[in-house]
Amino acid sequence: MAIKTEKKYDALVVDADMDSRIRLKQAMSSVYNFGKITQVVDPQEAIFKLKSGDAFDVIFISYRIDKAHVTQFIKEAKETKPGQDAAYVLVLQGKDQDASTVAQNVMIGADGFLFEPYSVDLLVEMTRISARVKAERSVAREKTALAMMVHEVVGQIDQLSYIKSCKMEVGMAMKKFRDTCAMFKDLDPEKMATYLEIAMRTFEEAPVPKQIFQTKKYAGVSNRIRQKMEQKILAEIEKKEAEQKKSE
């Protein structure tokens, strides 16, 4: 039977002061929950590491770094793939525990705070914050992805309806629709519940389909011509959608 090992949290420390970096690293080294600890002197070096693919569970940012630079760093870091799930913790002086300072730092994107001097309990709490942030952001991304998929399905239903109204073949559009819907069948129960909630809301709020362009209805019996006209209609729809996205 395999022994389940407790997750360790890799950390990045961003601080221009060498003594401060060393103190924080030593404090974290005494806490079992922390794994690899990386140190950099400024936000630029931290961004370079993130863009290079280095991933961290928690990123500590010193109060010694200018607030404007911290704000820009957190924004830019969250736009990188490794940085999107990290918890951003501001390391502040003990005297800065007033509500006003904390509130200001929350506004710039901080997920937590570590006040000097560091205690084991506070450092352990940082790993708990990291776990919570990772879970919440993962759920948020899943909801966004599901919403995009549902909107795609709504658009495809509009396309199918329009092509059918033109008495054309719907083979290509139907295959695309079935392929998109097939993605939903592998959702676990929790994600399926989220999907159903999003789908119900999206379909309720969906506007009446707009006729994208006028086309002559084909009254003949040739399947080949109907298929070609379907291809033409789909190509024109995709072109219109691309133009709309560019103008947004």
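The values are calculated or read from the model by the stated rules, or taken from the named source; none is laboratory data. Predicted, not measured: the structure shown is a model, and the values here were computed from it. For neighbour counting, all protein chains shown are included, and Cβ atoms are generated from backbone atoms with ideal geometry for every residue, glycine included. Each accessible area value is taken on the protein alone, full model and side chains, heavy atoms only, with ligands, DNA and RNA left out. Shrake-Rupley method; radii C 1.70, N 1.55, O 1.52, S 1.80 Å.
Restricted to region 74-104, and to residues that are of a type outside the set (Lys, Arg), closer than 17 Å to Ser20 by Cβ and assigned to a helix (DSSP H, G or I), which residue is modelled with the lowest pLDDT?
Among those that are of a type outside the set (Lys, Arg), closer than 17 Å to Ser20 by Cβ and assigned to a helix (DSSP H, G or I), it is Asp96.
Looking at region 71-90, which of its residues are over 16 Å from the mean Cα position of the chain (by Cα) and either open to solvent by 10 Å² or more (accessible area, probe 1.4 Å) or without any contact (Cβ under 8 Å) to a residue 40 or more places away in the chain (or both)?
Once the filter is applied, which keeps residues that are over 16 Å from the mean Cα position of the chain (by Cα) and either open to solvent by 10 Å² or more (accessible area, probe 1.4 Å) or without any contact (Cβ under 8 Å) to a residue 40 or more places away in the chain (or both), region 71-90 yields Thr71, Gln72, Leu90.
Quick check on my filter: what residues within region 19-44 are assigned to a loop (DSSP other than H, G, I, E, B), at pLDDT 90 or above and not β-branched (Val, Ile, Thr)?
Within region 19-44, just Asp42 meets the criteria.
Return the pair list, or none, for Cβ contacts closer than 7 Å from residues in region 120-138 that are assigned to a helix (DSSP H, G or I) to residues that are surrounded by fewer than 15 Cβ atoms within 10 Å (Cβ to Cβ), at least 6 apart or on different chains.
Going by the 7 Å Cβ cut-off, the qualifying pairs are Val120/Ser30.
Suppose we filter Ala16, Ala68 for residues that are open to solvent by 20 Å² or more (accessible area, probe 1.4 Å), of a type in the set (Gly, Ala, Ser), part of a loop (DSSP other than H, G, I, E, B) and at pLDDT below 95; which single one remains?
Result of the check over Ala16, Ala68: Ala16.
Looking at Ser138, Ser119, Ser52, Ser62, which one is of a type in the set (Ser, Thr, Tyr) and surrounded by 17 or more Cβ atoms within 10 Å (Cβ to Cβ)?
Sole residue among the options that is of a type in the set (Ser, Thr, Tyr) and surrounded by 17 or more Cβ atoms within 10 Å (Cβ to Cβ): Ser62.
If you check Glu142, Glu152, Glu197, which single one turns out to be in a helix (DSSP H, G or I), closer than 26 Å to Ala86 by Cα and either under 19 Å from the mean Cα position of the chain (by Cα) or acidic (Asp, Glu) (or both)?
Glu142
So, of the residues in region 149-179 that are β-branched (Val, Ile, Thr) and modelled with pLDDT under 80, which turns out to be surrounded by the fewest Cβ atoms within 10 Å (Cβ to Cβ)?
Restricting to residues being β-branched (Val, Ile, Thr) and modelled with pLDDT under 80, the top hit is Val170.
Test of understanding: among Val58, Val31, which residue is touching a residue at least 60 places away in the same chain (Cβ under 8 Å) and over 28 Å from the mean Cα position of the chain (by Cα)?
Sole residue among the options that is touching a residue at least 60 places away in the same chain (Cβ under 8 Å) and over 28 Å from the mean Cα position of the chain (by Cα): Val31.
Which of (1) touching a residue at least 24 places away in the same chain (Cβ under 8 Å); (2) over 30 Å from Arg178 (Cβ atoms); (3) assigned to a helix (DSSP H, G or I) is the odd one out, the single condition Tyr162 does not satisfy?
The one condition Tyr162 does not meet is (2).
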